[in-house]
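The block underneath contains the structure these notes are about, expressed in C-alpha cells.
The values are calculated or read from the model by the stated rules, or taken from the named source; none is laboratory data. Just so you know, these numbers come straight off a predicted model, no measurement behind them. Positions of Cβ are backbone-derived with ideal geometry, glycine not excepted, and every protein chain shown enters the neighbour counts. To get the accessible areas, we keep the full protein, side chains included, count just its heavy atoms, and leave off ligands, DNA and RNA. Shrake-Rupley method; radii C 1.70, N 1.55, O 1.52, S 1.80 Å.
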Amino acid sequence: FDWVMVYQRQAIKVDESLIFNPLWIYFILKPIAHLPMSVNYIVFTSLNLVMIWLGSKLTGAKKFFLLFSFPVFWLLWFGQLDGFVLLGAALGWKAFELKKPVWMGWAILLLLVKPHIGAPLAGLYFLLYPRWESIATVGLVAVFSMLVWGWDWPYHWVWNFIVINEEKFVPQATNISLFPYGLISWTALLIAK
C-alpha cells in the first residue's frame, strides 16, 4: 500500500502538500519508482532486505530473528521505509563506536527518513557525538535536496506534521507508530540500556 500509493507516486512527482519524509530519500527512490510496476516493488523490497541485513551485520543482531519479526513483516508487506531507519540506527551505533563522524551524518539522514520514529535517536546520537563533519554531511545533503526540489520543502515537511490530523492525511485507520505517544517508549529503552 505505502509503496504504491505514497512513496512511488511521490518519487515520480513530488507533491509538497503531502510529504512526510525528507525529500533526500527520493534521490534513492526516484530511479526505483521509474522502473515498471512489476519490477519496482521487488527492487524496493530487496533494498529493504539488504538494509536489514546490513543493519544486522553492523550490530551483530540475529538476522533470522529480525527477518521474521512482526515489524519487518509489516515493513515488507506494506512497502514502508523503515529499512532506512533500521540501517540508520545500526550505522549510527557503529559510527559512535568507531568514532566516524561522516558515518554519523549519514546515519542521521537515514534516521530522519521517518522522523516520528528516528528523530529521537538522531538527536541522541548528535548529543552524544556532536562533530562538524556530521553536521556538514547532513547540511550538504539537505542543501542539495533544496536545490533540486526547492528551498521551501522543509517548511512543507514540518507543516504537514503540524496538520497531520486533517482528513486528507488519514488514508487508513491504523498506525503502528502511535505518534506522538509512541515516543514514550524511547524512555523505556534508555532506562533498559
>> If a residue must be assigned to a loop (DSSP other than H, G, I, E, B) and either out of contact with any helix residue (DSSP H, G or I) (no Cβ under 7 Å at 6 or more places or on another chain) or surrounded by 16 or more Cβ atoms within 10 Å (Cβ to Cβ) (or both), how many such residues does the stretch 35-60 contain?
In response: 2
> Failed condition for L87, given (1) open to solvent by less than 40 Å² (accessible area, probe 1.4 Å); (2) modelled with pLDDT under 90; (3) under 22 Å from I42 (Cα atoms), with all others met?
Replying inline: (2)
> Looking at (1) touching a Pro at 6+ places or on another chain (Cβ under 6 Å); (2) more than 18 Å from L29 (Cβ to Cβ), which is the only condition L112 fails?
Replying inline: (2)
>> Can you pull out every residue in the stretch 3-24 that is part of a helix (DSSP H, G or I), without any contact (Cβ under 8 Å) to a residue 24 or more places away in the chain and loosely packed, with under 14 Cβ neighbours inside 10 Å?
In response: I12
>> Given the criteria farther than 20 Å from Y26 by Cβ, within 16 Å of the chain's Cα centre (by Cα), modelled with pLDDT under 90 and among the hydroxyl-bearing types (S, T, Y), does S185 qualify?
In response: no
> So which residues in the stretch 68-88 are assigned to a helix (DSSP H, G or I) and in contact with a Ser or Thr (Cβ under 8 Å, 6 or more places away or on another chain), if there are any at all?
Replying inline: L76
>> Can you report the number of residues in the stretch 118-134 which are under 15 Å from L91 (Cβ atoms) and assigned to a helix (DSSP H, G or I)?
In response: 9
> Here are some residues: F70, F27. Which one is open to solvent by 30 Å² or more (accessible area, probe 1.4 Å), at pLDDT below 90 and not aliphatic (A, V, I, L, M)?
Replying inline: F70
> Pairs under 6 Å by beta carbon, first residue small (G, A, S) in the stretch 34-58, partner part of a helix (DSSP H, G or I) and open to solvent by 60 Å² or more (accessible area, probe 1.4 Å), six or more apart or different chains?
Replying inline: S56/K63
